[in-house]
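Rule-based calculations on the coordinates, nothing more; no lab input. Because the structure is a prediction, the values reported are computed rather than measured. Every residue, glycine as well, gets a Cβ built from its backbone with ideal geometry; the counts of neighbours run over all protein chains shown.
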Amino acid sequence: MNPRKIPVAVVGVGSLGQHHARIYSEMPEAELVAVVDSDPARAEEIAGRCGCRALSDYRELPDEVEAVNIATPTTYHCEIGRALLEKGKNVLVEKPIAATVNEAESLVKTAAENNRIIHIGHTERFNPIMVSARPWVKNPRFFETHRLGIFVGRSLDIDVVLDLMIHDIDLILSFVNDSVREVKAVGIPILTSKVDIANVRLEFNNGCVANLTASRVSRDRTRKFRIFQSHDYISLDFQNKNIEMYSLVEEGEKKQIIARDPEISDGEPLRMEFEAFLATVRGEDVPGVCTGSQGKESLDLALQIVDQIS
């Protein structure tokens, strides 16, 4: 049986939001009703491509819309998200959830008070590489991540920790069921007034350690996420869609290292994320989504890192 179509809107159709609109317009389980952008010409352009209404004010969204993607600059997430939740809309907010922890708490509280769903767009959770590797991660002891990108001139209202590193912060927190004991961070601005490259060491209360590097001023794109745990090494290359896994296997007194080759499924991470969001709106229980509370936790840690760099 085909799932019920959910009437959807996208608020903010810039460099990222335009892809949100495209994907929703192609999804059989969604009906893209409208796109919203403060630039009317931009809204008309994207609406023309996607076959929906163009609006310049999110407050004009029709009552029929049940779910809204918010892909505006971070500073507007709280204002727009709260207003839509109070109007009974379910929302998926692009990462980070908000500009401050207080704003994040306000969004989570508003969703609960109105019995609405709030998800956060930590899309790497739905990367097929991560989905394939997640069942193998049992008790990680060390992480090493590199998320390096070329300068593209977007998301300049936030620094690289909130722009790029927060993806890896979210993934690590989703694996380590403990609180952070110590944060050590360094970073500098290069091309903007915000920090453009940063390196962080996190130590958790259970002894797990994570080293994270993020840059938006690199020559090449790199997206690597390495996990070390007892008897296992797992290396994920998001950029080249590759997983390397090696395990120490003991048979009596004999020990050997074997290579594992997990099957990697196909899929566009954004589309998979939106499918999960809409399934939740329909009342289904979907694993892997980033809830508002989890998004707030990632933001809180990211802001601690930013404060230490400052």
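Each principal axis of the Cα atoms in the stretch 129-258 has its own extent, and those three values, largest first, are 59, 33, 20 angstrom. Here the sum of -39500 (n - 2.57) over DSSP H runs of 4 or more residues, divided by the residues of the chain, equals -9000 deg cm²/dmol at 222 nm, to the nearest 500. Note: relative contact order over the stretch 1-109, using C-alpha pairs below 8 Å and six or more positions apart, is 24 percent. The modelled label-to-label distance between Glu26 and Asp63, using points 7 Å beyond Cα along the C-beta direction, is 3.4 nm.
Based on alpha-carbon atoms, the Kirkwood radius and the radius of gyration of the stretch 193-310 give Rg/Rh equal to 1.03. Taken along the Cα-to-beta-carbon direction at a fixed 7 Å, the label points for Asn2 and Asn242 span 4.1 nm.
Across the stretch 4-76, counting alpha-carbon atoms alone, Rg and Dmax equal 10.8, 33 Å. Highest mean packing first, where packing is the average number of other Cβ atoms within 10 Å per residue, the peptides 243-249, 281-287, 114-120 line up as 114-120, 243-249, 281-287.
Straightening the chain between Glu182 and Ser56 buys 40.9 nm, computed as 0.36 nm per residue apart minus the Cα-Cα spacing.
Mind putting a number on the dipole of the chain about its Cα centre? Charges go on the C-beta only, +1 for Lys and Arg and -1 for Asp and Glu, and I need it in Debye to the nearest 20. The dipole magnitude comes to about 440 debye. Shown here is the pair-distance distribution of the chain: with all Cα-Cα distances grouped in 20 Å bins from zero up to the longest one, the shares run 32, 57, 11, 0 percent.
Spin-label pair Thr291-Glu86: with each label point 7 Å from Cα along the Cα-Cβ axis, the two points sit 2.5 nm from one another.
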